[in-house]
1. For Lys128, give me every one of the lysines with a C-alpha distance below 30 angstrom, ignoring sequence neighbours fewer than eight places off in its own chain.
2. Between Lys96 and Asp62, what is the FRET efficiency for a Förster distance of 35 Å, r being their Cβ-Cβ separation, to the nearest 0.05?
3. What is the helix-to-structure angle for 23-40, meaning the angle in degrees between its Cα long axis and the longest Cα principal axis of the chain, kept from 0 to 90 and rounded to the nearest 10?
4. In Å², and per residue, what accessible area does the chain have when probed at 1.4 Å with the other protein chains present?
5. Using a probe of 1.4 angstrom, how much of the accessible area of the chain is carbon and sulfur, in percent?
6. For Ala9, what is the net charge nearby, where nearby means another residue's Cβ is under 9 Å from its Cβ and Lys, Arg count +1, Asp, Glu -1?
7. Local charge sum around Gln87 (other residues, Cβ-Cβ under 13 Å, Lys/Arg +1, Asp/Glu -1)?
8. How much net charge surrounds Leu114 when only the other residues with a Cβ under 12 Å from the Cβ of Leu114 are counted, with Lys and Arg +1 and Asp and Glu -1?
Amino acid sequence: MGSFLCAEAMSNAPEEDSATKLPEDVGREAAWRLLEEIYRGGCVDTICQPFVLLCMALTPKDVSKIVLGPLAPYTMHFLRHLRDFFQVTFKIDEYKEKFTSDEMPESKTGADKLLLTCVGVGYTNISKGQT
């Protein structure tokens, strides 16, 4: 609940050597990519993972947590950049879902989830007046 996932696909440009895709093929590719995002799970899709982690790193000096699906290669590189530029490290744990008494733990679907936790650096805009 409260999650927005997206996926996109596009046809080849007419100038490219390969033939352009039919609209049905582009729609099928977009649908498969969206199903992949749903399978991966987490609070945000793969494309938005680095943006959310940047917002967490720049927040006031407080603990931030988020549940993500498997990390994309770009996200792993981005975590290294955050460590190098802001000296922010993320604690990465496996997310264990809490089940109620009437739910079966065997009904787990989708990829394994990760719980990422960090303490923000307290970044502020110095050109704004201090209050």
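1. Within reach: Lys61, Lys65.
2. E(calc), rounded to 0.05, equals 0.90.
3. Roughly 30 degrees between the two axes.
4. Ligands and nucleic acids excluded, the result is 75 Å² per residue.
5. The value for the chain is 60 percent carbon and sulfur by accessible area.
6. Here the charged neighbours net out to 0.
7. It works out to a net charge of +2.
8. Once positives and negatives cancel, what remains is +2.
The values are calculated or read from the model by the stated rules, or taken from the named source; none is laboratory data. These numbers were taken from a predicted model, which means no experiment stands behind them. Every residue, glycine as well, gets a Cβ built from its backbone with ideal geometry; the counts of neighbours run over all protein chains shown. Heads up: the accessible areas ignore ligands, DNA and RNA and are worked out on the full protein's heavy atoms, side chains in. Shrake-Rupley method; radii C 1.70, N 1.55, O 1.52, S 1.80 Å.
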